[in-house]
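The values are calculated or read from the model by the stated rules, or taken from the named source; none is laboratory data. The model shown is predicted, which means the values in this text are computed figures rather than measured ones. All Cβ positions, glycine included, derive from the backbone under ideal geometry; neighbour counts span all protein chains shown. Just the protein is used for accessible areas: all its heavy atoms, side chains included, with ligands, DNA and RNA removed. Shrake-Rupley method; radii C 1.70, N 1.55, O 1.52, S 1.80 Å.
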Amino acid sequence: MSILSLFREAREVRRFSDRPVSREVILSILEDAVWAPNHKLREPWRFIYAEGAAKIKLTDSVDARKHPRLVDTLTQAPVVLIVTSPVNPDERIDSDDFGAVCCLIQNVQMLGWAQGLGMAWELADYSACEELLALAGVRSDERIAGILGLGFFDSLPEKPAVSGLDDRLEIW
Amino acid sequence: MSATQQKSALSRLVRERRSIRSFAKRDLSPELIVELLQAAEASVLSTDQEPSHRFLLLASPEGKAKAASIVMDAYSEQGLYKWLPNKLNQLMADRIAQIPAFLIAIAKDRGQKEREHATVSAVLQSLTLLAWEHDIGAVWNTESFMHKPSFKLGVGVQEDERIVTILYLGYCEKVPKTKPRTPAEKKLTYL
């Protein structure tokens, strides 16, 4: 009896069904996800939620030629969640906080998957997407750790075949 | 395990996981770590890109002793050795012996530092959750010795690679208490 199979089967979801996603479902996932490890309990995460008209506005603000994958996710997913981490002049704190927020995002991925909610995690250099940042209210002392597309799905996407660990694991 | 059971089991693991810094004197099977790491990677990696990270697992007494001497060499660079060198040696060796396993996460610099860091972090979080199901605890470590050239050289980190973090792993003897988390709702803005 193990959750091993849950992790083995999890995958990115980029195509979603029409089934409505309630705010309560997302919130309950986040209330678990915030138990991610983080240094000195700084809880360095912040969430920005968009759906419907607000989501369309965000989508239209991004140049699809520069960020095709992001625009695809923003268009397809019923709910978009932008997750930020703070920018810190101390490189170690900055990096620790970013790592913690990524752990939280992975929690969201798995908690969602366990209830049939799929997720796509977009992350690239969005510093030039000024309109997106302004619309979302991302501050200058924050960076985006992920733009998440979330939704229920009808058909399961294929499980990607990924490179084995053997060549990338050394054991002393 | 049914889907419903998996859902509540996962929620419990996510909430109950604690960072563990002191471990039980119980052997940790490298084979188990490898199995969990494979499942962790399966939950994160896609076929979009060849993974740009790799791991070094220190799980044997010999392996850990080898790493300990590399760390001590790194500290001796700084002249910390002047002060009671033998005592420091012993403290370091004892500390390392008390930690059943170290998982060093190394990323190749391919010009997408954030994405690479995110991928490694996600893999380690999945691993941490899977390990917790077995009462194996972990803590991330980003101590300064990791960035010392002699340490990197000693563990085989290349010029174009960096150590993202070192995960300390071991069976958990006692689960530490924790403070409650700020409700997610307080950190959420609806557009």
Output the residue which, of all residues in segment A:28-70 that are β-branched (Val, Ile, Thr) and touching a helix residue (DSSP H, G or I) at 6+ places or on another chain (Cβ under 6 Å), is farthest from the other protein chains (Cβ to nearest Cβ). A:62
If residue A:112 passes every condition in (1) modelled with pLDDT of 95 or more; (2) among the small types (Gly, Ala, Ser); (3) more than 20 Å from residue B:3 (Cα to Cα) but one, which one does it miss? (3)
Has segment B:43-64 got any residue that is in a helix (DSSP H, G or I) and in contact (Cβ under 8 Å) with a residue 60 or more places away in the chain? no
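For (1) at pLDDT 95 or above; (2) open to solvent by 10 Å² or more (accessible area, probe 1.4 Å); (3) over 13 Å from residue A:80 (Cβ atoms); (4) of a type in the set (A, V, I, L, M), each residue gets a yes or a no:
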{"site": "A:100", "(1), (2), (3), (4)": "yes, no, yes, yes"}
{"site": "A:130", "(1), (2), (3), (4)": "yes, yes, yes, no"}
{"site": "A:143", "(1), (2), (3), (4)": "yes, yes, yes, no"}
{"site": "A:146", "(1), (2), (3), (4)": "yes, no, no, no"}
{"site": "A:155", "(1), (2), (3), (4)": "no, yes, yes, no"}
Please specify each residue of segment B:143-191 satisfying the condition of being surrounded by 19 or more Cβ atoms within 10 Å (Cβ to Cβ) and among the small types (Gly, Ala, Ser). B:170, B:184
Only one of these conditions is not met by residue A:156: (1) in a loop (DSSP other than H, G, I, E, B); (2) farther than 23 Å from residue A:63 by Cβ; (3) of a type outside the set (Lys, Arg); (4) touching a Phe, Trp or Tyr at 6+ places or on another chain (Cβ under 9 Å). Which number is it? (4)
Taking residue A:81, is it in contact (Cβ under 8 Å) with a residue 60 or more places away in the chain and more than 18 Å from residue B:126 (Cβ to Cβ)? yes
For segment B:45-59: of the residues being facing another protein chain (nearest Cβ under 7 Å) and over 16 Å from the mean Cα position of the chain (by Cα), which is most open to solvent (accessible area, probe 1.4 Å)? B:50
Looking at (1) part of a helix (DSSP H, G or I); (2) open to solvent by 80 Å² or more (accessible area, probe 1.4 Å), find the lone condition where residue B:27 falls short. (1)
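Within segment A:114-131, does at least one residue satisfy the condition of being in a strand (DSSP E or B), within 8 Å of another protein chain (Cβ to nearest Cβ), in contact with a Pro (Cβ under 9 Å, 6 or more places away or on another chain) and within 24 Å of residue B:142 (Cβ to Cβ)?
No - not one qualifying residue is present in segment A:114-131.
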Going through (1) touching a helix residue (DSSP H, G or I) at 6+ places or on another chain (Cβ under 8 Å); (2) closer than 13 Å to residue B:133 by Cα one by one, residue B:44 fails only at (2)
For segment B:121-142, the count of residues that are open to solvent by less than 20 Å² (accessible area, probe 1.4 Å) and within 20 Å of residue B:12 (Cα to Cα) equals 14
If we ask which residues in segment A:29-50 are open to solvent by 60 Å² or more (accessible area, probe 1.4 Å) and at pLDDT 95 or above, their number turns out to be 1
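Results for (1) in a loop (DSSP other than H, G, I, E, B); (2) touching an Asp or Glu at 6+ places or on another chain (Cβ under 6 Å), shown as yes or no for each residue.
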site: A:73; (1), (2): no, yes
site: A:82; (1), (2): no, no
site: A:92; (1), (2): no, no
site: A:108; (1), (2): no, no
site: A:144; (1), (2): no, no
site: A:162; (1), (2): yes, no
Pairs, first under 16 Å from residue B:19 (Cβ atoms) in segment B:171-185, second of a type in the set (D, E, K, R) and assigned to a loop (DSSP other than H, G, I, E, B), C-beta under 7 Å, six or more apart: B:171/B:26; B:171/B:135; B:172/B:135; B:175/B:18; B:176/B:18; B:178/B:18; B:181/A:43
